[in-house]
Amino acid sequence: MTPDRTAVDPTLVSIIIPTYNRVRVVEQAVASALAQSYPHKEVVVVDDGSSDGTLGRLEALDEPRLRLLSSPCNGGAARARNLGIAASRGGYVAFLDSDDRWEPWKLEAQVARFEQGPPELGLVYCGRRVTLPGGGELEIRPRLRGRVFEELVRRNLVPLPTVMVRRSVLDEIGAFDPLLPACEDWDLVLRIARRHLLDYVAEPGLLYDGSGADRLSGKARAVFIANHLIFRHFAGRRPGRRTLAAHLALQSRELMALGRHRLARRYAIASLGLALESDERLAQRTLRDLARRRPLGRLLTRAYAQRRQLSWH
C-alpha cells in the first residue's frame, strides 16, 4: 500500500479521484478538491482507460497540485483507486468520485476530528447533500459512530466520497478488492469497522449528484452478487434475524431493478416476516422502505397485516 514508508507525510491528505469517460464533469470534482481549505493536500486522478478525452482535458489544466495517472485499459474503480493509493504520500487518504463535489471545509473538519479522537479512530465520514432527479435536494446526516460493525453489515451507511481514512489503517487491512463485481467500498468500510472506531462530521460535506444524468447504471446484477458475497463473508453462517431481514430487503430492491419481480416479492415477504418476529418497529421501517418500490407496496401491506394477525393468535 505504501511504496516507500519514509516518503509518507503524516499531515498530508491524499485525495484519490478515479475517472472513466467523465470529461463533462471531472473538472468540477478536481476543482472542488483543489479548493479545500485544508492547505496540505495532494490530488491524484487516475484515468481508467477513458476514450472521451478525459486525460487530455485534465493535462490541459496545467495544475502543479494535480497528479495524473493513466491506465491503458478500463480495469474498474477498485483497481483505479488502488493505483492512486499506491502512488500517493499522505498520512490521510480521502476518496472523491469524478462526478461529485465537496464543500471547501470538508477535509479540514475531518482532519480536526482525527486529531481530537483516540488512536483507535480509523475512519471519519460526513453528511451529504443529494441533488434529486426532480431538482430538489435531500440532506442526509450520519448517525453511526464508535464500534458500528454490526450495523454496517446490515446496510452500508458510509458512502465512499464522504470518507477519510488513516493510511496506516489501509496498510493494516488492505485496499479495495478488485475481484468484487461491485460494492467494493462497502467491503472496505466493513474491514475497517471490524477493527477500528468510526466517527463523523455531521454537516453535509459531500455534494452528491443523484439526478441520474451521469451516474453509472445497469449494475444491478453485479450489485446483487456483490451484496451476497459480502454478506456471507461478514455476517457468518448464522446471522441474527435483524441482520438477515435487512439483507433480504436490500436484495429485494436489487431484484426489482433486475425485473425479477416474483423473486423480489419472495425476498421482501421473507424480510418482513423476520423483521416482525424480531421487532415490531423494525417491521414497520422495513415495510416503509420496501414499499417505495411501487409494485411491492400493495402486496407487502397485505402481507404485513396478515403476519400481524397470525402473530396475535
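Every read-out reported here was derived from the displayed coordinates using simple, explicitly stated rules and does not represent laboratory data. As the structure is a computational prediction, the values presented were derived from the model and not from experiment. Backbone-built Cβ (ideal geometry, glycine too); neighbour counts: all protein chains shown.
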With a Förster radius of 35 Å, plug the Cβ-Cβ distance of Ala112 and Lys219 into 1/(1 + (r/R0)^6) and report the FRET value to the nearest 0.05. 0.50
Please express the Cα-Cα pair-distance distribution P(r) of region 96-254 as a list of whole percents, one per 10 Å bin, running from 0 to the bin with the greatest distance. 10, 36, 39, 14, 0
Taking 118-125, 76-83 and ranking on average Cβ neighbours within 10 Å, highest first, one gets 76-83, 118-125
Charge sum, other residues only, whose C-beta stays under 10 Å from Val46's C-beta, Lys/Arg counted +1 and Asp/Glu -1: +1
Phi-derived 3J(HN,Hα) across region 38-53 with the Karplus relation (6.51, -1.76, 1.60, θ = phi - 60°), rounded Hz, x for Gly and Pro, is 5, x, 9, 8, 9, 10, 10, 9, 10, 7, 8, x, 4, 10, 10, x
Rounded if a/c is under 1.5, else prolate if a/b is larger than b/c, else oblate: which is region 1-122, with a ≥ b ≥ c the root eigenvalues of its Cα gyration tensor? prolate
Within-15-Å neighbourhood charge of Phe176 [Cβ basis; K, R +1; D, E -1]: -4
Taking 241-254, 139-152 and ranking on average Cβ neighbours within 10 Å, highest first, one gets 241-254, 139-152
Given R₀ = 22 Å, what would the calculated FRET efficiency be for Glu139 paired with Ala31, taking r from the Cβ atoms and rounding to 0.05? 0.45
Compute the separation of the alpha-carbon centres of region 144-163 and region 29-47 and state it in Å as a whole number. 25 Å
Sorted by Cβ density within 10 Å, fewest first, the residues Lys106, Lys41, Lys219: Lys219, Lys41, Lys106
